[in-house]
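> Before we start, here is the structure in question, set down as structure tokens.
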Amino acid sequence: MAAWVSLLTLVVACANGGRHPGAVKTARDVAAEGAPPLSALRAPAFRYRFGIYTSRAPKLDVARELAAAAKAYGFEIVSQQIGPELPPRISTIFLSQPPIEQFAPPTTERLEYMSEGLSNEEKARLTAARAVQVFEVVGPGASAFVDYRKALSLGRDLSQKLGGFLWDEETRVAFSQASFGGHLLSWQGGIPFVNRHITIHVYRDGELFRVVSLGMVKFGLPDISINRVAGTDAERMGVVADLVLQRLLEGATPDARGLMPISFDEVRHVEARQLFDSLALHNAKRRTTLTVVPAEPEEGDADNRLLEITFPATGGVQEQQAHALAELFGDEDTVVYVKNDADLLAASERARKKAFVHGARYADGPPFGEQLSVKAPFKTADGHTEWMWVEVVAWRDGSIDGILMSDAFDIPSLKAGARVEVKAAEIFDYMLIKNDGTHEGNETQPLLDARTRARREKP
């Protein structure tokens, strides 16, 4: 498929404020008709590219089948791709049939991360596909919700006739015909559950993580990124990305300064709100404020506009992020006061020795797919020690550079997300999350739990 030029061109209104015949409806027009609200970030056009992979070239006349389907759904067939000039008056669809070498199916390795609902047998059939039909739907941004939904139905119909697998080029995910059904069942009141239509990529970018979305071009909206995220916070920050995108779909926009409040309670889509509700602790404020700024897409990002999400709280980047996460989701950290004894010190020594085995591998940052944390000492104002977990960013020459994983109880200046440096020789315990998802370490926790229970049960 030919490369797509991002739809960044703004449509300038006529000086006299009039509308030419066939002009795209304004947000006010659509709202008056009871359609979903249009975000001020909505582009003049939306795009949805998908492919259908089959084991061999279809016996059906694909162009004829497309013509019938396009007519049923109100799409206009075009003979060439639509560029980023003035958006079309109605939604269009373009068919190409490239050689399989030019639009190869995803490999088995990629399908482990880029498929939904495919069995191993279906994955094998997809990777062996020898033919592909590629479709590109482009239409006015104001009709993105309605016409994208029609395009989903059209794609389902065509895949059933061709007996093939659907590939979403915008999110880079493969579906069977059965697993594709969730797309069409995710709408409430004309608003989709964004989680079913986009992909959130969370990956290590240097010493920290980057969260970035793909697929919002299907709604004529920009994708978002959140950069320099601590590994401890990466999973919840992915949920924040979902929340922001859901609110953008529902019409939320930043103010003139780029500030945008977000709240679980303002989510209109019931299923989406239920998901966010299930993740909030009892002490969560369920809301926070973020900042939206334009950003340049990086290699591998979606072929779409991009906004970067930052947080306006005080402190460093990771402290700001941790503060926002605590406001949204709540915090259940507790403090345990214990005296070290022989058993606890012996367990700590075992843990320290095991931790040092991993230290050398972190000299240049965390290995791919791993997350190492250590429990390190911090002096309180009254001379005592508060032990806190630190996510390891680098371990060099007996010194550990890391990110504090929670707020300190007795040291007001230490907040979650703060960059700290601790001595490796002084760590008390460690936790390692391996590339395969298994865990190692936390040797002292069973003893600490036993002492806590004993104190509670003491008459």
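> Using alpha carbons only, how many degrees (0 to 90, rounded to 10) separate the axis of helix 317-329 from the longest principal axis of the chain?
80 degrees
> Follow-up. So if we plug the beta-carbon distance of Ala381 and Asp265 into 1/(1 + (r/R0)^6) with R0 = 30 Å, what FRET efficiency do we get, rounded to 0.05?
Calculated value: 0.20.
> How fast does the chain diffuse by Stokes-Einstein, in µm²/s, taking the Kirkwood radius from C-alpha pairs at 37 °C and 0.692 mPa s?
Result for D is 132 µm²/s.
> Excluding Asp265 itself, what net charge comes from residues whose Cβ is under 11 Å from its Cβ, given Lys and Arg +1 and Asp and Glu -1?
+3
> Once phi is turned into ³J(HN,Hα) by the Karplus curve 6.51 cos²θ - 1.76 cosθ + 1.60 with θ = phi - 60°, what whole-Hz value does each residue of segment 114-124 show in order, with x for glycine and proline?
Couplings: 10, 8, 9, x, 8, 6, 4, 5, 5, 4, 5 Hz.
> Cβ under 11 Å from Leu208's Cβ, Leu208 left aside: what net charge do those residues give with Lys, Arg +1 and Asp, Glu -1?
Counting the neighbours of Leu208, the net charge comes to 0.
> Okay, moving on. Could you tell me which of Leu66, Val134, Val146 has its Cα farthest along the dipole of segment 27-185 towards the positive end, charges placed at Cβ (Lys, Arg +1; Asp, Glu -1), taken about the Cα centre?
Leu66
> Additional query: Segment 342-447: D in µm²/s via Stokes-Einstein (Kirkwood Rh, Cα pairs, 25 °C, 0.890 mPa s)?
175 µm²/s
> Considering every pair of different Cα atoms, what Kirkwood radius, in Å, is found for segment 236-308?
Its Kirkwood hydrodynamic radius stands at 13.4 Å.
> Give the long-range amide H neighbours of Arg49: residues separated by 5 or more places, or on another chain, with amide H under 5 Å away, using H modelled in the peptide plane at 1.01 Å from N.
Placed amide hydrogens put Val137, Glu169, Glu170 under 5 Å from Arg49.
> Given labels modelled 7 Å from the Cα in the Cβ direction, how far is it in nm from Ala360 to Ser399?
The answer from the label model is 2.1 nm.
> Stretched out fully, how many nm does the piece from Asp205 to Ala256 gain, at 0.36 nm a residue minus the Cα gap?
15.3 nm
> Sort 270-281, 202-213 by packing, meaning the average of other beta carbons within 10 Å per residue, with the highest value first.
In descending order of packing, they fall as 202-213, 270-281.
> I need the semi-axes of the equivalent ellipsoid of segment 58-194: take the C-alpha gyration tensor, multiply each eigenvalue by 5, square-root it, list largest first in whole angstrom.
Output for segment 58-194: semi-axes of 25, 19, 14 Å.
> Can you give the calculated 222 nm mean residue ellipticity of the chain, where each DSSP H run of n ≥ 4 adds -39,500 (n - 2.57) and the sum is split over every residue, rounded to the nearest 500 deg cm²/dmol?
Counting only the DSSP helices, I get -8000 deg cm²/dmol.
> Counting pairs of Cα atoms in segment 174-278, how many percent are more than 20 Å apart?
It works out to 44 percent of all Cα pairs.
> Now a separate question. Dipole size in debye (nearest 20) for segment 49-131 around its Cα centre, Lys and Arg Cβ +1, Asp and Glu Cβ -1?
Once rounded to the nearest 20, the dipole reads 260 debye.
> List the extent of the Cα atoms of segment 149-210 along each of their three principal axes, largest first, rounded to whole Å.
47, 30, 16
> Here's another thing I want to ask about it. If I stretch the segment between Lys353 and Ala104 completely, what's the gain in nm (0.36 nm per residue apart, minus their alpha carbon distance), one decimal?
Contour length minus the Cα-Cα distance gives 84.8 nm.
> Moving to a separate point now. Dipole size in debye (nearest 20) for segment 198-329 around its Cα centre, Lys and Arg Cβ +1, Asp and Glu Cβ -1?
380 debye
> Taking neighbour Cβ counts within 10 Å as the exposure measure, how do Phe368, Phe264, Phe50 sort from fewest upward?
Phe368, Phe264, Phe50
> Among 415-424, 103-112, how do they line up by average Cβ neighbours within 10 Å per residue, starting with the highest?
The densest-packed peptide leads the list: 415-424, 103-112.
> Moving to a separate point now. If I model a spin label as a point 7 Å beyond the Cα along the Cα-Cβ vector, how far apart are those points for Leu184 and Asp449 in nm?
Once both label points are built, they end up 4.7 nm from each other.
> Looking at this model, which pairs from Lys379/Lys434; Lys353/Lys423; Lys59/Lys123; Lys375/Lys415; Lys353/Lys375; Lys285/Lys423 are more than 25 angstrom apart at the alpha-carbon?
Lys379/Lys434; Lys285/Lys423
Any read-out appearing in this document is the output of simple, stated calculations on the displayed coordinates, not a laboratory observation. Remember, it's a predicted structure, so these values are computed and weren't measured experimentally. All Cβ positions, glycine included, derive from the backbone under ideal geometry; neighbour counts span all protein chains shown.
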